[in-house]
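Student: Below is one structure. I have some questions about it.
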Amino acid sequence: MSIKVALLKSGEEVISDFKEVYKDDQFIGYYFNDPYVLKLEKYQTVAGDESRHRVKIRFFPWLTLSKEKRILVFADWVVTFYEPVDTVMDSYLNRIKEIEEDEDGEDDQVSVIEEPEVVSDSD
């Protein structure tokens, strides 16, 4: 299993289990298995005189209208790969486990990391 986040030319950040794809011994791209788009939602909390900027990370199924759980993406569409922080990795793995255990296979929920991290303590 090679779970990473791919930054695509479109600007999307997609977390997935990636596999390299070859055709006639030539590398052509990657299979994205169970891909999810990561979205950051920035917000501000105010308590008295103190203001904090926070961020939530939300997971949305990538290519939501596709029946396929394995999507071929050509190599020229991938800008880079990176290792996600532990909270993102854990949340993704838990989401995949929930889907596999779900009898009807429906993915009708969006996962949210419950404990946002502080981005900045100042305005």
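Student: Report yes if some residue within segment 48-64 is modelled with pLDDT under 95, of a type in the set (A, V, I, L, M) and over 23 Å from Asn94 (Cβ atoms); otherwise report no.
Tutor: Within segment 48-64, not a single residue is modelled with pLDDT under 95, of a type in the set (A, V, I, L, M) and over 23 Å from Asn94 (Cβ atoms).
Student: Another question, then. If you go through segment 1-44, how many residues are exposed (fewer than 11 other Cβ atoms within 10 Å of the Cβ) and acidic (Asp, Glu)?
Tutor: Of the residues in that region, 2 qualify.
Student: From the list Tyr22, Tyr31, exactly one residue is free of Cβ contacts under 8 Å to residues at least 12 places away in the same chain and of a type in the set (Ser, Thr, Tyr). Which is it?
Tutor: The match here is Tyr22.
Student: Could we say that Arg58 is touching a Ser or Thr at 6+ places or on another chain (Cβ under 6 Å) and touching a residue at least 12 places away in the same chain (Cβ under 8 Å) here? Break it down into steps so the answer makes sense when it comes.
Tutor: Numbers: touching a Ser or Thr at 6+ places or on another chain (Cβ under 6 Å): no; touching a residue at least 12 places away in the same chain (Cβ under 8 Å): yes.
The answer is no for Arg58.
Student: A follow-up question, please. Can you give me the number of residues within segment 26-60 that are within 19 Å of Val78 (Cβ to Cβ) and more than 19 Å from the chain's Cα centre (by Cα)?
Tutor: 3
Student: Any residue at all in segment 35-46 that is β-branched (Val, Ile, Thr) and within 21 Å of Ser91 (Cα to Cα)? Break it down stepwise before answering.
Tutor: First, the residues of segment 35-46 that are β-branched (Val, Ile, Thr): 37, 45-46.
Checking the rest, the ones that are also within 21 Å of Ser91 (Cα to Cα) come to 37.
Scanning segment 35-46 turns up at least one residue that is β-branched (Val, Ile, Thr) and within 21 Å of Ser91 (Cα to Cα).
Student: So, one more: What number of residues within segment 77-108 satisfy the criterion of being surrounded by 12 or more Cβ atoms within 10 Å (Cβ to Cβ) and either modelled with pLDDT under 90 or among the charged types (D, E, K, R) (or both)?
Tutor: Residues that pass the stated criteria total 7.
The values are calculated or read from the model by the stated rules, or taken from the named source; none is laboratory data. Nothing here was measured: the structure is a model prediction, and the numbers come from that model. Cβ sites come from the backbone with ideal geometry, for glycine too, and all protein chains shown count toward neighbours.
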